[in-house]
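The values are calculated or read from the model by the stated rules, or taken from the named source; none is laboratory data. Model, not experiment: these values are computed from the prediction. For neighbour counting, all protein chains shown are included, and Cβ atoms are generated from backbone atoms with ideal geometry for every residue, glycine included. For accessibility, only protein heavy atoms count, side chains too; no ligands or nucleic acids. Shrake-Rupley method; radii C 1.70, N 1.55, O 1.52, S 1.80 Å.
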Amino acid sequence: MIHEWHDDHTSARERGVAYGRAWGAELRTALGEYVETFDRMALDAERITQVTADAVTQTAVHAPDVYAELEGVAAGSGMTLREVMTLNARTELLALMKPQGGECSTAVFLPADEPPRTIQTWDWLDALSADTLVRSHLAADGRRVVTFTEFGQAAKIGVNSRGLGVHFNILHHVSDGSGSGLPVHILARRVLDEAENIDEAIAIAESAPLSASTVLTVVAPDRAACIELAPDGVAVIDAVHGELLAHTNHFLDERLSAGEVALYASTTVERLACLTDHPDLVALPTGIDRALALGAVPDAPISMRPRAESPRHLQWASKATLTIDVASPALEFHAGAPADVTRERWRRVSATP
């Protein structure tokens, strides 16, 4: 289920306390699920402690407002700051081991003289995050930010009232796994809270040390770009007006792709082809029409289902379908894959102040 939460606190810590009090049960459930998953994946407990401790330090230095909020979340929920950071640093923790998967499909069509049209599937482990959250908050400068997240995370996919949106896909690189870096979910939150345009989003991305790879597909009224992030560097792939820009879970930049860690069971190539084969569907003017059209493509790999032959803790599923409107800033979404989308259950949360 995708829950919604609206907050008007101007103090980061007070916002965090309110969040922790409102969603304490969901936060503890999310933590328990991740702890069990890490145990099944045989992640070393000492390394988990080291990574979360470093993430706390890096967040305090590179994202102090988020740090204050997470302190509040811990206080409001009765959890420790390290426990809250475990949820934010789950990508960095998973980067410590040989990757077992990691999906998501994003596409943007950039018309010649209109704002970009976007769609993303959020694919994750089926055993995790049955409950997620679309949260709306005020950043320090007064902008409204709406973001879809797993419980406890500072951000993931979202849009702000300045008309800047962020899609989010995991990547895997040989430079991953140092355990020392700002969590990529917190980096996405900084972009939504602070950037006015795509150039500023790129500058924020380039300023942060990382220990895990991700691509942020950033959209503004007149531009769209994929910002590929790895501990080894940052690359930017700009959209071309009148064309489709799509990204799944492999690097597009030539230099970074040389350090790609390939996943034997990933459908990243097939899903990218599915999107690039249907630019006319991504170009449809409304988010719901894009989702319905892509959901109607026969056997489309972007509608991911759990594989029964895989262990339960390694089964992947499309858990949400989302689109971003930057003209009248809003996040639109539906639980499940594009093939599950109905007009009746399609939802929209505005980011206008």
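Things worth noting here:
- Rounded if a/c under 1.5, otherwise prolate or oblate - the stretch 39-129, Cα gyration tensor axes: oblate
- Extension gain for S207-A53 works out to 53.4 nm (0.36 nm per residue, less the C-alpha to C-alpha distance).
- FRET efficiency, 1/(1 + (r/R0)^6) with R0 22 Å, evaluated for V236 and V174 via beta carbons: 0.60
- Distance (nanometres) between label positions extended 7 Å along Cα→Cβ at R343 and R82: 5.3 nm
- Peptides 119-126, 71-78 ordered by average Cβ neighbours within 10 Å, highest first: 119-126, 71-78
- What the Kirkwood sum gives for the chain is a hydrodynamic radius of 19.8 Å, with every pair of different alpha carbons counted.
- Cβ charges +1 (Lys, Arg) and -1 (Asp, Glu), total dipole of the chain, debye: 760 debye
- Charge dipole of the stretch 127-201 (Cα centre as origin; +1 on each Lys and Arg Cβ, -1 on each Asp and Glu Cβ, all else neutral): 200 debye, rounded to the nearest 20.
- On a per residue basis, the stretch 95-165 carries 22 Å² of accessible surface, using protein heavy atoms and a 1.4 Å probe.
- By average C-beta atoms within 10 angstrom, highest first, the peptides 52-58, 8-14: 52-58, 8-14
- Simple Cβ-charge dipole of the stretch 96-230, Lys/Arg +1 and Asp/Glu -1, about Cα centre, in debye nearest 20: 240 debye
- Between the residues M304, P231, L252, the greatest Cα displacement towards the positive end of the dipole of the stretch 231-306, with unit charges on the Cβ of Lys, Arg, Asp and Glu, is found for M304.
- Accessible area of the stretch 175-296 belonging to carbon and sulfur atoms, whole % at 1.4 Å probe: 53 percent
- In whole angstrom, the stretch 125-215 maps to an equivalent ellipsoid with semi-axes of 22, 18, 10, each derived as √(5λ) from the alpha carbon gyration tensor and ordered largest first.
- Solvent-accessible heavy-atom area per residue, rounded to whole Å², over the stretch 193-275 at 1.4 Å: 39 Å²
- Computed over the alpha carbons of the stretch 196-352, Rg followed by Dmax gives 16.6, 46 Å.
- Selection from I2, A55, A25 lying farthest towards where the dipole of the chain points positive, charges on Cβ: A25
- Per-residue ellipticity at 222 nm computed for the chain from its helices equals -10000 deg cm²/dmol, with DSSP H segments shorter than 4 residues left out and the rest contributing -39,500 (n - 2.57).
- Rounded to two decimals, the Cα-based Rg/Rh of the stretch 162-258, with Kirkwood Rh, is 0.94.
- GNM top mover of V145, V134, V269 - the chain, alpha-carbon springs below 10 Å: V269
- Remark: relative contact order (the chain) = 20 percent; criterion is Cα-Cα distance under 8 angstrom and separation of 6 or more residues.
- Peptides 336-347, 207-218, 228-239, ordered by how many other C-beta atoms sit within 10 Å of their residues on average, highest first, read 207-218, 228-239, 336-347.
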